[in-house]
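Everything on this sheet refers to the single structure shown next.
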Amino acid sequence: MNKVVKNPQEALQGLQSDMTLMLGGFGLCGIPENSIAEMVKMGVTGLTCISNNAGVDDFGLGLLLQGKQIKKMISSYVGENDEFERQMLSGELEVDLIPQGSLAERCRAGGAGIPAFYTPAGYGTEVAEGKEVREFNGKPHILESALTADFAIVKAWKGDTEGNLIFKATARNFNPMMAMAGKITVAEVEELLPAGSLDPNEIHTPGIFVQRIFQGETFEKRIEQKTVRQK
Amino acid sequence: MSLDKNGIAQRIAQELRDGWYVNLGIGIPTLVANFIPEGLEVEFQSENGILGMGPFPFEGEEDADLINAGKQTITAMKGAAYFDSATSFAMIRGQHVQLTVLGAMEVSQNGDIANWKIPGKMVKGMGGAMDLVASAENIIVAMMHANKAGVSKLLKDCSLPLTGVACVKKVITNLAVMEIKDHKFHLLERAPGVTVEEIIAATEGEMVVPDHVPEMQL
């Protein structure tokens, strides 16, 4: 099953304004930077983006925020992006902040056919407002619903023509769950290989979850906080 | 004399036990890794997806794909493992992590914690903090006793939006070590040279003070 497309233009065909998207990555680590650059060019607007963060002011999803292309963010963390915080406080941007673990599990549930689940995270806080509360083993939990998206856009280290993916180090983060939850899942990879090149034992995301795959032309892989020690 | 951030981290490190998996939050908690007592083996979990987090890399050896939850470049220890965010929070919610250390803007005598939002002024987001505090058996808050304006952060009730309810077990500040139980702060230790009176003056919440309050041994 050949899922290879030439470039991000082809990979994002059908992506339109007002759609709901999932974008993998944590901070700037493991983000689909080629696809984001393409979305800036496409000029789509009114997007709802499900992503743990929104990048920094001038990289990652921050680029779409700058261009006012995003209507709503569903995230767990705003820090490190002044424009995100500014648009949120001024009310220009709708923001649904949810605990990181609940965000991950809601994506996983969306891809796994589980409509909702109970979690203790957020009980007694703003996050619980309007949500069903139920006790299990004497402890209160809140009901969280699954998330899905029109497009899930993920970034992997290696992929093959079948859409099988392997991620590198902590660049895995949200990518595998989001890959499961997209109606159309686009994977951009650093290295695209023929089927049979990857060891089936080592696949993180099986190809069934991926509809389109391409090898990114370049990856800047910007580092958000370079911290080092002396030799 | 009150402790600096490193002093707080050093005192928290004494709470570590051999064989524990530990999650360290951003800020002062991160520094705890620099003070692991000799002969103790602990493994650090960072919720973005690594077990066995090591120290910062040497200059020139940093890898953009290898960071901690504070987005800082890190290294992996021998025997480390990487995983996705759902698995990471399964470790946390499933109580496989023995200790969580995190920062806070406010803590109440009931063990409530607030650390993600100041309405109308500042929104950082909760990140993984709500999942961590809702599930961890053992939560230590590392923070300064008062905020920059000199107002106590150890309160009767939190005034800011909560991160979690009745979850904090211990607070370690620049002035004191306190346990939270029976809806009160219990003063256990004071920082070197800090008097009980100073701690009482800096604590808004109700506090139980024993006759003898030992000094921290650092």
Point to revise | the protein assembly as shown - mean residue ellipticity at 222 nm from DSSP helices (-39,500 (n - 2.57) per run, n ≥ 4, rounded to 500) | key: -5000 deg cm²/dmol
**Study point:** Estimated inter-spin distance, A:ALA112 and B:VAL208, nm [label 7 Å along Cα→Cβ]
**Key:** 4.1 nm
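Starting from the coordinates of the alpha-carbon atoms of region B:48-103, obtain the Kirkwood hydrodynamic radius over all distinct pairs and give the value in Å to one decimal.
Its Kirkwood hydrodynamic radius stands at 12.3 Å.
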**Study point:** Solvent-accessible area, 1.4 Å probe, carbon plus sulfur percent, for region A:73-205
**Key:** 46 percent
Study note, to complete from the structure: Counting only DSSP beta bridges fully inside the protein assembly as shown, the antiparallel percentage to nearest 5 is 40 percent
**Study point:** Listed pairs A:LYS139/B:LYS184; B:LYS117/B:LYS184; A:LYS41/B:LYS71; A:LYS155/B:LYS124; A:LYS139/A:LYS221; A:LYS158/A:LYS183 exceeding 31 Å between Cα atoms
**Key:** A:LYS139/A:LYS221
Practice item. From zero up to wherever the largest Cα-Cα distance of region B:38-163 sits, split into 10 Å bins and tell me the percent of pairs in each. Key: 12, 36, 32, 18, 2
Revision key, fill the gap. Carbon plus sulfur, as percent of the 1.4 Å-probe accessible area of region B:1-99, comes to 51 percent
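Note the per residue figure in Å³ for the convex hull of the C-alpha positions in chain B.
Convex hull of Cα atoms, per residue: 135 Å³.
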Exercise for review: Could you please state how large a percent of the accessible area of region A:1-68 is carbon and sulfur, counting protein chains only and using a 1.4 Å probe?
Suggested key: 48 percent
**Study point:** region A:1-44 - Rg and Dmax from Cα coordinates, angstrom
**Key:** 11.4, 33
Practice item. Over all directions, average the projected area of the Cα convex hull of chain A and note it in nm². Key: 15.1 nm²
Review point. If you take the beta carbon distance between B:GLU179 and B:MET77 as r and set R0 to 30 Å, what does 1/(1 + (r/R0)^6) give as a FRET efficiency, to the nearest 0.05?
Key: 0.45
Practice item. Over region B:82-154, consider all pairs of different Cα atoms and compute the Kirkwood hydrodynamic radius from their mean reciprocal separation; express it in Å, one decimal. Key: 13.6 Å
Study note, to complete from the structure: Magnitude of the Cβ-charge dipole (Lys and Arg +1, Asp and Glu -1) of region A:154-231 about the Cα centre, nearest 20 debye, reported as 480 debye
Review point. How compact and how long is the protein assembly as shown, expressed as Rg and Dmax of its alpha-carbon atoms in Å?
Key: 22.4, 76
Review point. With the solvent-accessible surface defined on protein heavy atoms using a 1.4 Å probe, which residues belonging to region B:32-65 display a reduction of at least 50 Å² in accessible area in the multichain context relative to the isolated chain?
Key: B:ASN48, B:PHE56, B:PHE58, B:GLU59, B:ALA64, B:ASP65
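The values are calculated or read from the model by the stated rules, or taken from the named source; none is laboratory data. These numbers were taken from a predicted model, which means no experiment stands behind them. Every residue, glycine among them, receives a Cβ derived from its backbone with ideal geometry; neighbour counts consider all protein chains shown. With ligands, DNA and RNA removed, areas are computed over all heavy atoms of the protein, side chains included. Shrake-Rupley method; radii C 1.70, N 1.55, O 1.52, S 1.80 Å.
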